[in-house]
Amino acid sequence: MYRDPVESLEPLHHRQAAIRTLRVGMIGIGTVGSGTFRVLARNRADIAARAGRSIELVMVAARNLERAAGIVGDSVALTADAMHVATHPDVDVVVEVAGGTGPARDWVLTAIAHGKHVVTANKALLAVHGAEIFAAAREKGVIVAYEGAVAVSIPIIKALREGLAANRIEWVAGIINGTTNFILSKMRDEGLDFAAALAQAQALGYAEADPSFDIEGIDAAHKLTLLAANAFGMPLRFADAQVEGITALQGVDVACAEQLGYRIKLLGVARRQAAGVELRVQPVLVPAAHLMAQVNGSMNAVMVKSDAAGLTMYYGAGAGSEQTASAVIADLVDVARLDGVHAAQHVPHLGVHAHATNALAVLPRAAVHTSHYLRVPVHALDQIQTIAASLAERKVPVRQVALAAERPGVGPQVLVLTGPVEQGALDLAVHALQARAEVAGPVTTLRVESLEG
Ligand code: HSE
């Protein structure tokens with residue numbers, strides 16, 4: 001008799017279990033947790049219809065029990081002890097939305113050790129401890145799902161590992177931090193300086209508890225680490241990413257980029273090259289007419305170049321209570337469908353099953369190959385050709401040279417756009433340029449990203 005190979009791997013009690021309610025224990029009931037509670041309650045019937053079974057929040061761990069009771073009422077058991085949720089026999093899946101990387105790692109590993117699936121929106125936790133967490137989950141045959149960790153409202157993890165599963169992905173580039181995009185938009189639109197724009201972002205609640213994670217590019221690098229692993233089937237390489245934030249970015253460069261027809265965006269880029277992968281977060285110039293340059297305020301967008309689908313782009317809110325809940329609940333629906341199914345049939349944690357993990361090297365900064373913008377303070381306006389000639393001598397292709405529009409309090413500035421050149425070669429050329437008598441101050445360089453197919 002023919003037997004379905006998947007069915008034959010599935011113990012009978014699992015198949016019977018698959019029709020009962022999926023019982024959720026949640027750690028944390030802050031912005032994301034309360035949004036998850038609300039959306040689960042509001043769309044209960046639709047979510048159950050999509051999942052094939054009902055999904056019910058049965059337990060919540062919270063630091064402030066009174067506040068938690070005010071949110072969930074008396075329908076849900078409350079505890080002050082997160083480990084109680086991670087170990088409780090009535091919990092099938094633990095939703096970790098408390099954040100942080102210390103205790104959260106212990107809760108998640110404990111939940112996995114107790115055979116529970118985990119849904120988390122914690123990008124820092126996974127970027128730093130993901131290898132250990134996914135290995136433990138594989139061992140136990142449980143799922144760790146994390147759509148809410150990257151550009152929350154955009155189902156980009158699913159797009160990469162499911163929607164684009166047929167493709168060889170060439171690069172992923174995105175605005176994946178809303179706080180910095182808000183700041184850059186304010187600096188451009190209202191001519192605000194960095195500090196004033198940051199204060200507004202914090203007042204609106206966009207920034208992380210520690211805003212240095214946003215403005216230094218660390219939050220974006222956490223997310224990029226997860227995107228790259230899913231795009232290329234490579235291990236999580238957060239420690240190898242080149243990370244540059246926007247704290248050193250000057251208003252004058254925002255204006256000069258504009259003059260040349262570009263906008264400055266904090267981009268996370270993961271690009272496959274012959275010798276390895278570029279993994280980098282930095283402020284870059286993007287052509288002003290490009291769709292990516294139109295992503296403003298706190299919005300996020302991710303563009304993917306793949307061989308069959310071509311260029312695709314995804315846009316949406318990168319933070320927010322119900323926006324993150326949307327991703328968390330989508331993960332719960334996946335867990336509801338796959339709970340009890342043999343682990344080999346789960347969607348793999350990083351887009352490929354562990355045995356297929358591709359040990360791609362992360363390229364060093366010097367090997368990154370892009371075009372560049374240079375702003376060179378000079379003593380006199382007639383030095384423009386000297387600057388261009390100095391770069392050309394050092395084998396830097398010069399595509400455009402211009403004088404910056406005059407600004408009060410700013411001396412004459414030569415602006416240069418180069419053709420593609422390795423960072424190492426550019427650094428040497430800029431070093432030589434900096435030593436010239438014509439140069440009146442520090443040369444500023446930024447990468448230019450074409451984002452073309
Ligand atoms: N602080 C993050 C941002 C929140 O600004 O994008 C969402 O990860």
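No lab work stands behind these numbers, since they all come straight from the coordinates. Just so we're clear, the structure is a prediction, and the values are computed from it rather than from any experiment. All Cβ positions, glycine included, derive from the backbone under ideal geometry; neighbour counts span all protein chains shown.
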Spatially near lysine pairs across the chain, Cα under 25 Å, sequence gap of 8 or more or different chains: 17
If you count the DSSP beta bridges with both ends in the chain, what percent of them are antiparallel, to the nearest 5? 65 percent
222 nm mean residue ellipticity, helices alone, for the chain (DSSP H n ≥ 4; -39,500 (n - 2.57); rounded to 500): -11000 deg cm²/dmol
For the stretch 80-93, what does the Karplus curve 6.51 cos²θ - 1.76 cosθ + 1.60, with θ = phi - 60°, yield as ³J(HN,Hα) per residue in whole Hz, taken in order and with x for Gly and Pro? 8, 10, 4, 5, 4, 5, 5, 10, 5, x, 7, 9, 8, 9
Amide H partners (placed H, <5 Å) of R436, local residues excluded: none
If Lys and Arg each add +1 and Asp and Glu each add -1, what is the summed charge of the other residues whose beta carbon sits under 12 Å from the beta carbon of P348? +1
By counting other Cβ atoms within 10 Å of each Cβ, how are T225, T445, T370 ranked from fewest to most? T445, T370, T225
Would you grab the residues whose amide H sits under 5 Å from the one on T370? Only those 5+ places off in sequence or on another chain, please, with H modelled 1.01 Å from N. V421, Q423
Kirkwood hydrodynamic radius of the chain, from inverse mean 1/r over distinct Cα pairs, in Å: 23.6 Å
Can you tell me the alpha carbon radius of gyration of the stretch 63-132 divided by the globular rule-of-thumb value 2.2 N^0.38 Å? 1.14
With x for Gly and Pro, the residue-by-residue ³J(HN,Hα) of the stretch 106-113, computed from phi through the Karplus equation 6.51 cos²θ - 1.76 cosθ + 1.60 at θ = phi - 60° and given in whole Hz, is 5, 4, 5, 5, 5, 4, 4, 4
Taking placed amide H atoms and a strict 5 Å upper bound, the residues 5 or more places from V243 or on another chain that come that close are V281
For the stretch 278-358, compute Rh as the Kirkwood radius over C-alpha pairs and then the Stokes-Einstein diffusion coefficient at 20 °C and 1.002 mPa s; write the answer in µm²/s, rounded to an integer. 132 µm²/s
Neighbourhood net charge (12 Å Cβ-Cβ; Lys/Arg +1, Asp/Glu -1) for T87: -2
Report, in degrees rounded to the nearest 10, the 0 to 90 angle that the Cα long axis of helix 123-140 makes with the longest principal axis of the chain. 40 degrees
Which log10 I(q)/I(0) values, to two decimals, does the stretch 314-400 give at q = 0.13, 0.16 Å⁻¹ under the Debye formula with one point per Cα? -0.76, -0.88
For helix 321-338, what angle does its Cα long axis make with the longest principal axis of the chain, in degrees from 0 to 90 and rounded to 10? 50 degrees
So for L224, L426, fewest C-beta neighbours within 10 Å to most, what's the order? L426, L224
Peptides 296-308, 390-402, 120-132, 278-290: what's the order by average Cβ count within 10 Å, highest mean first? 120-132, 278-290, 296-308, 390-402
Scalar couplings 3J(HN,Hα) for the stretch 175-184 by Karplus 6.51 cos²θ - 1.76 cosθ + 1.60 (θ = phi - 60°), nearest whole Hz, x for Gly and Pro, are 8, 10, 9, x, 4, 5, 5, 4, 4, 5
With only alpha-carbon atoms in the gyration tensor, what are the semi-axes of the equivalent ellipsoid for the stretch 180-297, in Å, largest first? 26, 18, 11
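Might you report the magnitude of the Cβ-based charge dipole of the chain about its Cα centre, with Lys and Arg at +1 and Asp and Glu at -1, to the nearest 20 debye?
Working: 38 positive and 43 negative charges, 122 e Å.
Dipole about the Cα centre, nearest 20: 580 debye.
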Please compute the net charge surrounding A207, taking Lys and Arg as +1 and Asp and Glu as -1 over other residues with Cβ under 14 Å from its Cβ. -4
Would you mind ranking E452, E96, E216 by Cβ crowding within 10 Å, fewest neighbours first? E452, E216, E96
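Evaluated at 10 °C with a viscosity of 1.306 mPa s, what Stokes-Einstein diffusion coefficient in µm²/s does the stretch 367-448 have when Rh comes from the Kirkwood expression over alpha-carbon pairs?
After rounding, the answer is 127 µm²/s.
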Rounded to the nearest Å, what's the spacing between the alpha carbon centres of the stretch 416-448 and the stretch 60-85? Just the number, please. 56 Å
Whole-angstrom gap from the stretch 266-345 to the stretch 199-225, using each part's C-alpha centre: 17 Å
C-alpha long axis of helix 218-232 to longest principal axis of the chain, angle in °: 70 degrees
